[in-house]
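Following: one structure in structure tokens, then a few remarks.
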Amino acid sequence: IGRETADNKSGKHPVLWLLHGMSDDETIWQRRTSIERYAAPLGLAVVMPAVQLSGYSDMAHGGKYYSFISDELPKVMRCFFPLSDKREDNFIAGLSMGGAGCMKIGLANPDKYSAIGCLSAGITNHNKNEYITNPGMNKRYNMLYGDRILEGTEEDPEGNARKIINTGSIPPRIYHACGDKDFLLDKARYTRDFFNSFSGNPFGYIYEEDPGAHTWEFWDEHIQHFLRFI
């Protein structure tokens with residue numbers, strides 16, 4: 001938790017919920033970046049949970065990690081620490097699997113987060129057809145979703161983005177960055193085009209495609225860009 005600043009008169013810290021990628025765990029952001037140093041001058045609390053290989057989903061065969069991140073964890077952490085529950089003080093970001101995860105969670109809960117930071121990912125990293133046509137990924141799909149219908153649920157971030165606009169909800173602002181040599185670049189560009197299709201940029205969407213790949217050098221730099229964004 002960053003130090004309290006003079007502007008934080010309530011004593012309640014703003015919070016960044018910072019999500020890891022597929023090959024990582026809750027320690028990775030502290031081990032591979034200077035996130036603590038970046039957050040400290042801002043009085044910003046950073047919560048870094050572990051979700052295994054869940055894709056930030058309520059798994060058909062496994063833990064209910066979407067519910068854990070979006071509901072259970074904030075309630076527990078606010079009992080332990082002086083963390084703000086105000087929408088304007090809560091932000092969610094992540095890389096790779098966590099980048100798609102923060103899109104999923106943030107767009108399904110626009111009342112809880114004022115900004116989303118997606119690094120090296122798309123609004124989804126794999127669609128159903130990609131899962132079904134790849135035997136290994138098919139097993140993963142069944143582990144995550146079973147025979148569940150995903151349309152209209154938290155697992156439908158594009159639908160939830162449209163729902164935010166159609167229902168007049170307040171959209172979270174979105175910062176999105178991907179390296180020009182990243183293997184998920186096509187997913188990032190698809191996402192860029194999706195958000196750019198909304199008239200008037202209601203999500204305050206910003207996309208940066210900079211030199212780089214799927215690396216910690218890129219993420220260490222661009223998490224700082226997100227902190228400036230919020």
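Cα extents for the chain along the principal axes, largest to smallest and rounded to whole angstrom: 54, 40, 37. Largest GNM mean-square fluctuation across ASN90, ASN201, ASN127, computed for the chain with C-alpha springs under 10 Å, falls on ASN127. Pairs of Cα atoms nearer than 8 Å and 6+ residues apart set the relative contact order; for the chain it is 19 percent. With every protein chain in place and a 1.4 angstrom probe, the accessible-area ranking of MET137, MET143, largest first, reads MET143, MET137. Using the Karplus relation 6.51 cos²θ - 1.76 cosθ + 1.60 with θ = phi - 60°, the per-residue 3J(HN,Hα) values for the range 101-118 come to x, 6, 5, 4, 5, x, 6, 7, 9, x, 7, 9, 10, 8, 8, 10, x, 10 Hz, with x marking Gly and Pro. Solvent-accessible surface of protein heavy atoms, probed at 1.4 angstrom with all chains present, puts ASP220, ASP25 in the order ASP25, ASP220, largest first. Per-residue SASA remark: LYS163, around 120 Å² accessible (1.4 Å probe; ligands, DNA and RNA not included). Taking all protein chains as they are arranged and a probe of 1.4 Å, the heavy atoms of PHE183 leave approximately 140 Å² accessible to solvent. Sites listed here are chymotrypsin sites (Phe, Trp or Tyr not before Pro) in the range 39-125 whose DSSP assignment is loop and whose Cβ has at most 11 other Cβ atoms within 10 Å, and the list is empty.
Per-residue ellipticity at 222 nm from helix content only, as computed over the chain with -39500 (n - 2.57) for each DSSP H run of at least four residues, stands at -10500 deg cm²/dmol.
A Gaussian network model of the chain, with springs between Cα atoms under 10 Å, assigns the largest mean-square fluctuation among ALA188, ALA39, ALA115 to ALA39. If you count Lys pairs in the range 93-217 whose Cα atoms are under 23 Å apart, skipping same-chain pairs closer than 8 places in sequence, the total is 11.
Given a 1.4 Å probe and heavy atoms of the protein chains only, how would you sort HIS214, HIS61, largest accessible area at the top?
These residues rank, largest area first, as HIS61, HIS214.
GNM remark for the chain: springs join alpha carbons under 10 Å apart, and the peak mean-square fluctuation among GLY179, GLY136, GLY94 falls on GLY136.
Entry comment: accessible area of the chain is 48 Å² per residue, from protein heavy atoms only and a probe of 1.4 Å.
Carbon-plus-sulfur accessible fraction, the range 2-135 (probe radius 1.4 Å, protein heavy atoms only): 51%. Take the Cα coordinates of the range 118-193, assign each an equal point scatterer, and use the Debye formula without solvent to give log10 I(q)/I(0) at q = 0.13, 0.15, 0.16 Å⁻¹. So the normalised log intensities work out to -0.50, -0.65, -0.73.
The values are calculated or read from the model by the stated rules, or taken from the named source; none is laboratory data. As the structure is a computational prediction, the values presented were derived from the model and not from experiment. Using ideal geometry, Cβ is built from the backbone for each residue, glycine included, and neighbour counts are taken over all protein chains shown. We work out accessible area using only protein heavy atoms, side chains counted, and drop any ligands, DNA or RNA first. Shrake-Rupley method; radii C 1.70, N 1.55, O 1.52, S 1.80 Å.
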